[in-house]
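The values are calculated or read from the model by the stated rules, or taken from the named source; none is laboratory data. Everything quoted here is computed from the prediction, not taken from an experiment. Here the Cβ positions follow ideal geometry from the backbone for every residue, glycine too, while neighbour counts run over all protein chains shown.
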């Protein structure tokens with residue numbers, strides 16, 4: 001049987017009696033993991049989730065193998081924990097190469113299509129751009145700023161004129177605007193398109209979305 005590595009920094013946590021998942025995950029895991037070297041974070045998070053009862057202990061080794069193929073696995077897991085998302089579903093999407101939104105900010109296996117650079121499948125972290133949008137740091141019509149999104153011929157819900165705004169999200173290896181956009185609606189909805197409006201992924205539901 002393969003022995004699981006448990007970092008010393010987490011021994012105290014793992015020896016604690018079982019506590020409710022939200023308390024254990026949010027107050028203990030995030031703080032503990034921040035003190036660990038990068039290479040130890042992903043295994044530590046999974047071990048801690050198993051101890052909290054968030055994932056079956058029998059799945060820890062399998063999940064470690066799957067998440068080891070993701071270079072931002074620790075951040076993916078931490079954001080999933082904060083949003084109360086199922087780690088098993090994320091692991092399944094990674095293993096199958098499916099596009100999946102984690103923590104309302106990371107898009108796994110995004111299929112980025114640029115007419116000049118071609119097609120690339122990447123894990124995309126939207127958080128830097130989302131934080132700038134929230135802070136109002138992207139003024140209208142600037143290089144990375146916003147403009148009105150007309151929503152002509154796209155799969156997004158039909159809305160009145162000036163309802164949607166679009167923002168550029170930088171694409172690695174492309175100096176220009178690139179194909180990635182974040183589209184926001186006045187009711188709080190947020191969409192991401194990796195292929196210049198051909199397809200959209202829902203990041204945040206608006207107030208009137210089911």
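Quick rundown of the values:
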| item | result |
| --- | --- |
| Wholly enclosed strands (runs of 3 or more DSSP E) of the stretch 166-210 bearing at least 2 residues touching a strand residue (DSSP E or B) at 6+ places or on another chain (Cβ under 6 Å), buried (at least 19 other Cβ atoms within 10 Å of the Cβ) and in contact (Cβ under 8 Å) with a residue 60 or more places away in the chain | 190-193 |
| Among (1) surrounded by fewer than 21 Cβ atoms within 10 Å (Cβ to Cβ); (2) in a helix (DSSP H, G or I); (3) at pLDDT below 90 - the single one residue 33 does not satisfy | (1) |
| Residue satisfying all of: in the stretch 62-76; surrounded by 14 or more Cβ atoms within 10 Å (Cβ to Cβ) and out of contact with any strand residue (DSSP E or B) (no Cβ under 9 Å at 6 or more places or on another chain); nearest to residue 201 (Cα to Cα) among these | 73 |
| Selection count, the stretch 131-154, where residues are out of contact with any strand residue (DSSP E or B) (no Cβ under 9 Å at 6 or more places or on another chain) and either part of a loop (DSSP other than H, G, I, E, B) or not assigned by TED's automatic domain parsing to the domain that holds residue 189 (or both) | 5 |
| Test result for residue 46, without any contact (Cβ under 8 Å) to a residue 60 or more places away in the chain, within 12 Å of the chain's Cα centre (by Cα) and not in a loop (DSSP other than H, G, I, E, B) | no |
| Residue 157, sole failed condition from (1) assigned to a loop (DSSP other than H, G, I, E, B); (2) surrounded by fewer than 12 Cβ atoms within 10 Å (Cβ to Cβ) | (2) |
| Within the stretch 77-110, tally of residues that are touching a strand residue (DSSP E or B) at 6+ places or on another chain (Cβ under 9 Å) and in contact (Cβ under 8 Å) with a residue 24 or more places away in the chain | 13 |
